[in-house]
Amino acid sequence: MLLINCPEPKRQRKQRVYLLGDKLDCGDHELITGYVFINTEKGRTLDVVTKVGKIKGIKTACVITGTFDIVATFEVKDVTDVGEMVARGIDSVDGVSLTQTAICVKCC
């Protein structure tokens, strides 16, 4: 979700919400695709990646090097499914300390 302040006079300014991730045309069906970057508690990465890989909508879950411990790729039918997958799925896995979600806006 991207929050943008409208360029209207200050007394009329409203905050509008724009959803990134309009449905992408993926052949026969349209899907929302993206990545969830995950940090884990020390020593929990291998356990977390196995559990995340079993969550509905997750296509792959990989241990990576760099700022994050795990990257999970996902494909879901609706943008609300992204929130459910992260909030009720990934964030509820014991050992997850932080998530950052990136929804693809154009795939080639």
(request) Can you give me the number of residues within segment 15-54 that are over 26 Å from residue 107 (Cβ atoms) and either at pLDDT below 95 or out of contact with any helix residue (DSSP H, G or I) (no Cβ under 6 Å at 6 or more places or on another chain) (or both)? (result) 11
(message) With the requirement that a residue be acidic (Asp, Glu), over 11 Å from residue 96 (Cα atoms) and part of a helix (DSSP H, G or I), what does segment 35-84 give you?
(response) 81, 84
(message) Looking at segment 70-81, can you tell me whether even one residue there is over 11 Å from the mean Cα position of the chain (by Cα), polar (S, T, N, Q), surrounded by 11 or more Cβ atoms within 10 Å (Cβ to Cβ) and modelled with pLDDT of 95 or more?
(response) no
(request) Evaluate segment 83-98: report whether one residue or more is under 13 Å from residue 31 (Cβ atoms), out of contact with any helix residue (DSSP H, G or I) (no Cβ under 7 Å at 6 or more places or on another chain) and touching a residue at least 12 places away in the same chain (Cβ under 8 Å). (result) yes
(request) Quickly run through segment 85-104 and pick out the residues that are in a loop (DSSP other than H, G, I, E, B) and either buried (at least 18 other Cβ atoms within 10 Å of the Cβ) or among the hydrophobic types (A, V, I, L, M, F, W, C) (or both). (result) 93, 95, 104
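The values are calculated or read from the model by the stated rules, or taken from the named source; none is laboratory data. This structure is a prediction, so every number in the text was calculated from the model and none was measured. FYI the Cβ positions are ideal-geometry reconstructions off the backbone, even for glycines, and counts take in every protein chain you see.
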